[in-house]
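Novice: First, the structure itself, so that you have it in front of you.
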Amino acid sequence: HDRCAGEEDGDGRRALRREPRRDALAERLGQTGREREFAHRQAAASLRDWMRAAGMTVGIDAVGNVTGHYPAENQAAKTLIVASHYDTVRNAGRYDGMLGVVAAIGCVHVLHQRGTRRPFALEVVGFADEEGVRFGATLLGSRALAGTFDPKLLDSRDGAGTSMRDALTAFGLHPGNI
């Protein structure tokens, strides 16, 4: 049974759990080609599931960033963004990037379990393709969020000759909206 970070242990302690599904995804995200694409898709789906379970409204943007929104006490409140990346590279460490996303989800999960709202909204973001393994361009997800993504990058090609634009479209995203 995969558990969301922040769930109670039998003795009442809260802990970041070792989750077999997350561990396997972390290893496979270090792969290349179709295996990497499949693992990336699975990782995004897992993040969306964990965010929903933590009480967040979930989305995915045009570059593949997974977002979870937890509203504030007041709808007009500002938003605090907590983010890290969910891709990785070989030998980067089991939780390279992913730990930041999962820890943030765990914090929101605890707030949700307690029925607590903060004076600010929380936006948890799992950045897509920060490592730049496939197209040689780094920080794609965070650049998209910050508004500094260079549209010329969409013409970059991977080792198989696939453009970033085509890869994002095949993934079900809309690169023209970045």
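Computed from the coordinates by the stated procedures, all read-outs in this text should not be read as laboratory data. Being a predicted model, the structure only gives us computed values, none of them experimental. Note that we place each Cβ from the backbone using ideal geometry, even for glycine, and neighbour counts take in every protein chain shown.
Novice: Per residue of segment 118-132, in order, report the coupling 6.51 cos²θ - 1.76 cosθ + 1.60 (Karplus, θ = phi - 60°) as ³J(HN,Hα) in whole Hz, putting x for Gly and Pro.
Specialist: Residue by residue, segment 118-132 yields 8, x, 9, 6, 10, 10, 9, 10, x, 5, 8, 6, 7, 6, x Hz.
Novice: Further question on the same structure: Which ³J(HN,Hα) values in Hz, rounded to whole numbers, follow from the phi angles of segment 171-178 under the Karplus curve 6.51 cos²θ - 1.76 cosθ + 1.60, where θ = phi - 60° and Gly and Pro get x?
Specialist: Result, rounded to whole Hz: 6, x, 9, 10, x, x, 9, 5.
Novice: Classify segment 89-178 from the C-alpha gyration tensor, please: rounded if a/c falls under 1.5, else prolate or oblate depending on whether a/b exceeds b/c.
Specialist: It comes out prolate by the Cα gyration axes.
Novice: Any idea how far apart A146 and L111 come out in nm if each label point goes 7 Å out from Cα toward Cβ?
Specialist: Modelled inter-label distance: 2.4 nm.
Novice: Another question, then. Can you give me the long-range amide H partners of A83? Hydrogens built in the peptide plane at 1.01 Å from N, cutoff under 5 Å, separation of 5 or more residues or another chain.
Specialist: V125
Novice: Could you tell me the convex hull volume per residue, in Å³, taken over the Cα atoms of segment 107-154?
Specialist: Here the figure is 90 Å³ per residue.
Novice: Please list, by residue number, every one of the chymotrypsin sites (Phe, Trp or Tyr not before Pro) in segment 71-168 that is coil in DSSP and has at most 16 other beta-carbon atoms within 10 Å.
Specialist: F120
Novice: Whole-Hz Karplus ³J(HN,Hα) for segment 153-168, in order, using 6.51 cos²θ - 1.76 cosθ + 1.60 and θ = phi - 60°, x for Gly and Pro?
Specialist: Here the 3J(HN,Hα) series is 4, 4, 8, 4, 10, 8, x, 8, x, 7, 6, 4, 4, 5, 5, 5 Hz.
Novice: Between Q75 and R118, with labels modelled 7 Å along Cα→Cβ, what's the label distance in nm to one decimal, could you check?
Specialist: Taking the two extended label points, one gets 2.2 nm.
Novice: A follow-up question, please. Taking R0 as 30 Å, what's the FRET efficiency between T57 and T138 from their Cβ-Cβ distance, rounded to 0.05?
Specialist: Working: r = 29 Å, r/R0 = 0.96.
The computed FRET efficiency comes out at 0.55.
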